[in-house]
Amino acid sequence: MGPQPTFRPATKADAAALAVLVDIAGEGMPAFIWSTLKPPGQSVLEFGRGRARRDTGGFSYKNAIVAEVSGEIAACLVGYCLDDPYDSGILAGTPDIVQPLVRLEAKAPGSWYVNVLATFPEFRRRGLGGKLLAITESKGREAGAPSLSVIVGSWNDGAVRLYRSAGYLGLASEPAILFPGCPHKGDWVLLTKSLKGNA
């Protein structure tokens, strides 16, 4: 049996690892979006690191928990409560590629939303995803959320299996708009898990 993982709130110093992990979770979509937003001369990962270092916004180190193995960041969870009511008006300023995700988020107002759950490849198959999902449930209960929510690609069999085995059920789906060169096709699927009556 290898070294046991430890879990802690992320700090600004973790921002570079968080940027890589969010891109792993998003299967390259975050890097594509960052490439359209970054100023000339700035690297995509530098821009992503800056996003993770922010004190506000969904993708902020303040919303992240990291898993460490032998002092090395192995995985992360980024999550927070979605607004209730959810402001779908933000669609107007949202890139087309993100709009299906926003429409799905709007179907789970007030839920504790798993924005990112990712593990570096060398640390997979050690149960870190399941342990981070248990933390997710604790965070959702602490926040008084009625449910948990996550959006996964229909093509990501491993993620779908992980969430379904943890009790998440499909609520809605939207055809995915994918970035150029993305090898996948299919739908974004909103999965939710009720926190009512099963404390």
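Overview of results
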item: Whichever lysines have a C-alpha closer than 28 Å to that of Lys38, once near sequence neighbours (fewer than 8 apart) are set aside; result: Lys12, Lys62, Lys185
item: Inter-part distance where segment 1-41 and segment 64-102 are each reduced to a Cα centre, Å; result: 12 Å
item: Over segment 28-115, equivalent-ellipsoid semi-axes from the Cα gyration tensor in Å; result: 24, 20, 11
item: Segment 64-147: proportion of alpha-carbon pairs further apart than 17 angstrom, %; result: 55 percent
item: At q = 0.14 Å⁻¹, base-10 log of I(q)/I(0) for the chain (Debye sum, equal scatterers on each alpha carbon); result: -0.82
item: Descending principal axes extents, segment 149-192, alpha-carbon based, whole Å; result: 33, 19, 12
item: Packing rank of 138-150, 22-34, where each peptide gets the mean count of other beta carbons within 10 Å, highest leading; result: 22-34, 138-150
item: With every protein chain in place, segment 52-199: carbon and sulfur % of accessible area (1.4 Å); result: 50 percent
item: Computed helical MRE - 222 nm, the chain, DSSP H runs ≥ 4 contributing -39500 (n - 2.57), nearest 500; result: -9000 deg cm²/dmol
item: Rounded accessible area per residue of segment 1-158, 1.4 Å, Å²; result: 47 Å²
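The values are calculated or read from the model by the stated rules, or taken from the named source; none is laboratory data. All of these numbers come straight from a predicted model, not from anything done at the bench. Cβ coordinates were reconstructed from backbone atoms using ideal geometry, including for glycine residues, and neighbour counts include every protein chain displayed. The area values use the complete protein model at the heavy-atom level, side chains included, leaving out ligands, DNA and RNA. Shrake-Rupley method; radii C 1.70, N 1.55, O 1.52, S 1.80 Å.
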